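S.K.: First the structure, then my questions, so here it is.
The values are calculated or read from the model by the stated rules, or taken from the named source; none is laboratory data. Note that the structure is a prediction, hence the values are computed from the model and not measured. A quick note on method: Cβ atoms are made from the backbone with ideal geometry, for glycine too, and the neighbour counts reach across all protein chains shown.
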Amino acid sequence: MSTTPIRVIPLGGLGEIGMNLMVYEHGDHAVLVDCGMMFPDSATLGVDVIVPDMTYIFDNAQKFRAVFLTHGHEDHIGALPFLIERLPLPIYGMPLTLGFVKDKFEEFNLEGDLRPLQPRDVVEAGPFVVEALRVTHSIVDALGYAITTPLGTVIHTGDFKIDHTPVDAKPTDLQRFAHHGELGVLLLVSDSTNALVPGHGPSERVVGGGLDRIFSQAKGRILVTTFASHIHRVQQVIDVARKFRRKVLLVGRSLVDNIETAERLGYVRFPREVRAGSADLDPRELVIMTTGTQGEPSSALSRMAIGEHKQVQIEKGDVVVISARTIPGNERHVAHLIDNLYRRGADVVSHEQPDVHVSGHACEEELKLMLNVTKPKFFIPMHGTLRHLIHHARIAKGVGVRHGVVITNGQVATIDGDEIDVLEERVPNGKVFIDAEAEEVPEVVVRDRQHLAEDGFVIVVVAIDSTGAMVRDPELITRGLVHVDASQELLDDVRAQLVGMLTEMPREELRDLELVQERMRALLKRYFRKNMGRRPLILPVVWEM
Ligand SMILES: [Zn+2]
Ligand SMILES: [Zn+2]
């Protein structure tokens, strides 16, 4: 048996939600599982997507053999263009996942080496033998992987739940997970998203019942919003609409594109007689499906809610079903959206009703089931914040998996046959910000924008002659920080302190313009923080006269 250890290196998704990217390495060979992105929150201004720092991959490019994709969610495929444009690896995944990847690559003018897989297919990548294992999740065609290495088998669950009655009747392949458990699993790496939720999550089918109830009571139009990639949810809306003799109109680019891709690949049944050509129908005969579950201001639903959408306006009597959970951080946007909908006379049913949305991630009892059927020797929780990971590790301990380690992005877990260790040093990791032109935005620019938006800015100008003497008092210009008239006293005070500092500085130091800038910045920073609790962007300018 080989003595070279396996190295497990998360570059994203462990210690945070989003941008999942995992490296499995043995000697000179490595594979990647997923390559996702993260959407920015309102604090990262002017940034469109966030992708993981892939320095480690590019620095070790010759090791990498392939990318294996678990499913088509953006937090698992969104960063692929930024990987593939520099390192064109073969990409394995199920047809729908690859369909979404292909659409994405077309936007970037990229060709990818896309290799479709079916559940239980086995491929070789260097010394790794990788088997695809079907799982259920909030998107069709989701996979976990059994990666057999020279030291033993690693099971990477991907995002999963154990839905016994999924809409497509293709449940999580528990037999196959158990089969590997029987042969012996060295390491289980498992989804922690719902590690804090007790019990067993409800089946996706429950939502069909919820929609049925809403449709049977609605007197006017029904609008349903869900994630554009949630093919089964869209299918359930189409099916219920058909039952109640309503026609479905899809509104929103991403939804239309995704359903088109899914239909072409045979994942959606959307019969002609259920399609609406326009919103011009009797309200009792229409269902509008659209995007914007997170209250994103630019989404179709948000624009409808303020009367800014060309095709559809919200009207009195509309029922709006928000069939998704609110991602932490978006609560304010969603609350605002819901209020706007009520203002226009609509009624809103959201995920607080248990049968309007169900999660796609395994809850505590499902996680235990996964641990028990795979019976791993070692365990690493993934896909969650530190709190989720730690709870999941406790769950594992509770079912008798004693050797679990919690690692976060950039940490390296090493496994030889008998032991799991975590290296002291981290590999490069972090976030890379990308703007609308697909250009990288340096982190410092994002930080400056945050300061500007929250605390305004201060420009301070001093002029110093060649002997190092101050030519006149420093000038202060501020925007967004203080009301200039009301704060004259404060600004006078800052100016006096600056003069005090500059007159005390030795002449030769004053000739060092960078040093003067640094001192002024430090003084102003301290001053505004201490006296106002603010952190404005400070731009010191020194003129040499
Ligand atoms: Zn997912
Ligand atoms: Zn995910």
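S.K.: Quick check on segment 108-130. Is at least one of its residues within 16 Å of ligand 1 (Cβ to nearest atom) and either among the hydrophobic types (A, V, I, L, M, F, W, C) or part of a helix (DSSP H, G or I) (or both)? First the steps, then the outcome.
M.R.: Here is the first cut: in segment 108-130, the ones within 16 Å of ligand 1 (Cβ to nearest atom) are none.
Scanning segment 108-130, I find no residue that is within 16 Å of ligand 1 (Cβ to nearest atom) and either among the hydrophobic types (A, V, I, L, M, F, W, C) or part of a helix (DSSP H, G or I) (or both), so the answer is no.
S.K.: Right, here's the next one. For segment 182-191, state whether one or more residues are polar (S, T, N, Q), within 16 Å of ligand 2 (Cβ to nearest atom) and crowded, with 24+ Cβ neighbours inside 10 Å. Break it down stepwise before answering.
M.R.: Going through segment 182-191, the residues polar (S, T, N, Q) turn out to be 190.
With within 16 Å of ligand 2 (Cβ to nearest atom) added as a condition, the list becomes 190.
Applying the additional criterion that residues be crowded, with 24+ Cβ neighbours inside 10 Å yields 190.
Yes; the residues of segment 182-191 include at least one that is polar (S, T, N, Q), within 16 Å of ligand 2 (Cβ to nearest atom) and crowded, with 24+ Cβ neighbours inside 10 Å.
S.K.: How many residues are among the hydroxyl-bearing types (Ser, Thr, Tyr), within 23 Å of the chain's Cα centre (by Cα) and more than 12 Å from ligand 1 (Cβ to nearest atom) if we restrict to segment 131-171? So that I can check it myself, show each step before the final result.
M.R.: Here is the first cut: in segment 131-171, the ones among the hydroxyl-bearing types (Ser, Thr, Tyr) are 136, 138, 145, 148-149, 153, 157, 165.
Then drop every residue that is not within 23 Å of the chain's Cα centre (by Cα), which leaves 136, 138, 145, 157.
Those left that are additionally more than 12 Å from ligand 1 (Cβ to nearest atom): 145.
Summing the residues that are among the hydroxyl-bearing types (Ser, Thr, Tyr), within 23 Å of the chain's Cα centre (by Cα) and more than 12 Å from ligand 1 (Cβ to nearest atom) in segment 131-171 gives 1.
S.K.: Ok, one more. Give me a count of the residues in segment 50-78 that are out of contact with any strand residue (DSSP E or B) (no Cβ under 8 Å at 6 or more places or on another chain) and away from ligand 1 (no atom under 16 Å from the Cβ).
M.R.: Count: 5.
S.K.: Then there's this: Please determine whether any residue of segment 210-228 is within 16 Å of ligand 2 (Cβ to nearest atom), at pLDDT below 95 and farther than 24 Å from Ala346 by Cβ.
M.R.: Checking segment 210-228: not a single residue is within 16 Å of ligand 2 (Cβ to nearest atom), at pLDDT below 95 and farther than 24 Å from Ala346 by Cβ.
S.K.: Can I ask one more? Being closer than 22 Å to Val23 by Cα, among the basic types (Lys, Arg), touching a strand residue (DSSP E or B) at 6+ places or on another chain (Cβ under 6 Å) and at pLDDT 95 or above: is that true of Arg115 here? Step through it out loud before you land on a result.
M.R.: On the way: closer than 22 Å to Val23 by Cα: yes; among the basic types (Lys, Arg): yes; touching a strand residue (DSSP E or B) at 6+ places or on another chain (Cβ under 6 Å): yes; at pLDDT 95 or above: yes.
Considered against the rule, which asks whether it is closer than 22 Å to Val23 by Cα, among the basic types (Lys, Arg), touching a strand residue (DSSP E or B) at 6+ places or on another chain (Cβ under 6 Å) and at pLDDT 95 or above, Arg115 comes out as yes.
S.K.: Does Val49 satisfy the condition of being more than 30 Å from Pro150 (Cα to Cα), aliphatic (A, V, I, L, M) and at pLDDT below 95? Walk me through how you get there before you give the answer.
M.R.: Values: more than 30 Å from Pro150 (Cα to Cα): yes; aliphatic (A, V, I, L, M): yes; at pLDDT below 95: yes.
The answer is yes for Val49.
S.K.: Also: So how many residues does segment 1-32 have that are of a type in the set (A, V, I, L, M, F, W, C) and at pLDDT below 95? I'd like the intermediate steps shown before the answer.
M.R.: At the first step, the residues of segment 1-32 found to be of a type in the set (A, V, I, L, M, F, W, C) are 1, 6, 8-9, 11, 14, 17, 19, 21-23, 30-32.
Within this subset, residues satisfying the condition of being at pLDDT below 95 are 1, 17.
Final tally of qualifying residues: 2.
For (1) at pLDDT below 95; (2) more than 16 Å from ligand 2 (Cβ to nearest atom), each residue gets a yes or a no:
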| position | (1), (2) |
| --- | --- |
| Lys310 | yes, yes |
| Val321 | no, yes |
| Ala346 | no, yes |
| Glu352 | yes, yes |
| Asp355 | yes, yes |
| Cys363 | no, no |
| Thr374 | no, yes |
| Phe379 | no, yes |
| Ile390 | no, yes |
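S.K.: Then there's this: Counting only residues that are buried (at least 19 other Cβ atoms within 10 Å of the Cβ), within 25 Å of Val67 (Cβ to Cβ) and more than 16 Å from ligand 2 (Cβ to nearest atom), how many does segment 152-171 have?
M.R.: Selection size over segment 152-171: 4.
S.K.: Can His361 be described as closer than 29 Å to His179 by Cα and part of a loop (DSSP other than H, G, I, E, B)?
M.R.: Details: closer than 29 Å to His179 by Cα: yes; part of a loop (DSSP other than H, G, I, E, B): yes.
Yes, satisfied.
For (1) under 25 Å from Val444 (Cα atoms); (2) among the β-branched types (Val, Ile, Thr); (3) more than 20 Å from the chain's Cα centre (by Cα), each residue gets a yes or a no:
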{"position": "Gly36", "(1), (2), (3)": "yes, no, no"}
{"position": "Val51", "(1), (2), (3)": "yes, yes, no"}
{"position": "Asp59", "(1), (2), (3)": "yes, no, yes"}
{"position": "Val67", "(1), (2), (3)": "no, yes, no"}
{"position": "His73", "(1), (2), (3)": "no, no, no"}
{"position": "Leu89", "(1), (2), (3)": "no, no, yes"}
{"position": "Phe100", "(1), (2), (3)": "no, no, no"}
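S.K.: Among the numbered conditions (1) more than 16 Å from ligand 2 (Cβ to nearest atom); (2) crowded, with 22+ Cβ neighbours inside 10 Å; (3) not basic (Lys, Arg), tell me where Asp48 comes up short.
M.R.: (2)
Quick grid of which residues meet (1) outside any strand (DSSP E or B); (2) surrounded by fewer than 16 Cβ atoms within 10 Å (Cβ to Cβ); (3) within 16 Å of ligand 1 (Cβ to nearest atom):
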residue: Gly329; (1), (2), (3): yes, yes, no
residue: His333; (1), (2), (3): yes, no, no
residue: Asn340; (1), (2), (3): yes, no, no
residue: Val348; (1), (2), (3): no, no, no
residue: Pro354; (1), (2), (3): yes, yes, no
residue: Glu365; (1), (2), (3): yes, yes, no
residue: Leu389; (1), (2), (3): yes, no, no
residue: Ala393; (1), (2), (3): yes, no, no
residue: Lys397; (1), (2), (3): yes, yes, no
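S.K.: Could you go through segment 12-22 and let me know if any residue there is on the phi > 0 side of the Ramachandran plot, more than 16 Å from ligand 2 (Cβ to nearest atom), of a type in the set (Gly, Ala, Ser) and assigned to a loop (DSSP other than H, G, I, E, B).
M.R.: no
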